[in-house]
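What follows is a set of notes on a single structure, which appears directly below.
The values are calculated or read from the model by the stated rules, or taken from the named source; none is laboratory data. This structure is a prediction, so every number in the text was calculated from the model and none was measured. Here Cβ is always computed from backbone atoms with ideal geometry, including for glycine, and neighbour counts include all displayed protein chains. Accessible surface is based on the protein model in full, side chains and every heavy atom, while ligands, DNA and RNA are left aside. Shrake-Rupley method; radii C 1.70, N 1.55, O 1.52, S 1.80 Å.
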Amino acid sequence: KKNNEFLGKILIRNGYIKEEELLEALAEQFSLKKISLKYKYIDNNLLRDFSQTLILDYRCLPIERDKDIVTFAITNPLDAWMIKKAEEEAGRFKACFVLVSESDMEEALLRYRQYLKQNILKGI
């Protein structure tokens, strides 16, 4: 309560648990699939269909879409505002969520920012 951090982050930082252990527990608690984004191809056309606010501010990354479902990678399954925003932006598609590590999300968001910069430079 003192520093407004999530318990899981505090436990990891203090060495009580590893990030992988937290992900396993959250995945089980919220019945979410846990994946890695390290080698996951994410189509830039899909990213263009969602707001930068959803992706960068809410840390909710659309990673795939099929005929009825958009799958979003998230790190915090307790963020009700993020889930609501993702569901709104998914429109007629059902929003599905998968859990990823903070480090995976940071790397994916870095690639997304680079993509945005390249398109700004190109004037797109």
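Values computed for the structure shown
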{"read-out": "Two-site label geometry, Glu107 and Asn4: point separation in nm, points 7 Å out along Cα→Cβ", "value": "3.0 nm"}
{"read-out": "Of all accessible heavy-atom area on the chain, the percent that carbon and sulfur account for (1.4 Å)", "value": "52 percent"}
{"read-out": "Simple label model, 7 Å out from Cα along Cβ direction - Ser36 to Glu88, nm", "value": "3.6 nm"}
{"read-out": "Pairs beyond 27 Å (Cα-Cα), from Lys9/Lys67; Lys40/Lys84; Lys40/Lys94", "value": "Lys9/Lys67"}
{"read-out": "Cα radius of gyration and Dmax for the chain (Å)", "value": "15.2, 48"}
{"read-out": "Cα-centred dipole magnitude for region 12-54, charges only on beta-carbon of K, R (+1) and D, E (-1), debye, nearest 20", "value": "140 debye"}
{"read-out": "Accessible area per residue, Å², region 45-124 with all protein chains present, probe 1.4 Å", "value": "57 Å²"}
{"read-out": "Of Asp43, Asp79, Asp66, the one that fluctuates the most in a GNM where the chain has Cα springs shorter than 10 Å", "value": "Asp66"}
{"read-out": "With at most 12 other Cβ atoms within 10 Å, longest stretch of the chain clear of loop chymotrypsin sites (Phe, Trp or Tyr not before Pro) (DSSP)", "value": "42-124"}
{"read-out": "Debye-sum result for region 1-68 in log10 I(q)/I(0), which assumes one identical scatterer on each alpha carbon, at q = 0.23 Å⁻¹", "value": "-1.13"}
{"read-out": "Paramagnetic label zone (point 7 Å from Cα along Cα-to-C-beta, Ser51; backbone N under 14 Å) in region 57-82", "value": "57-60, 81-82"}
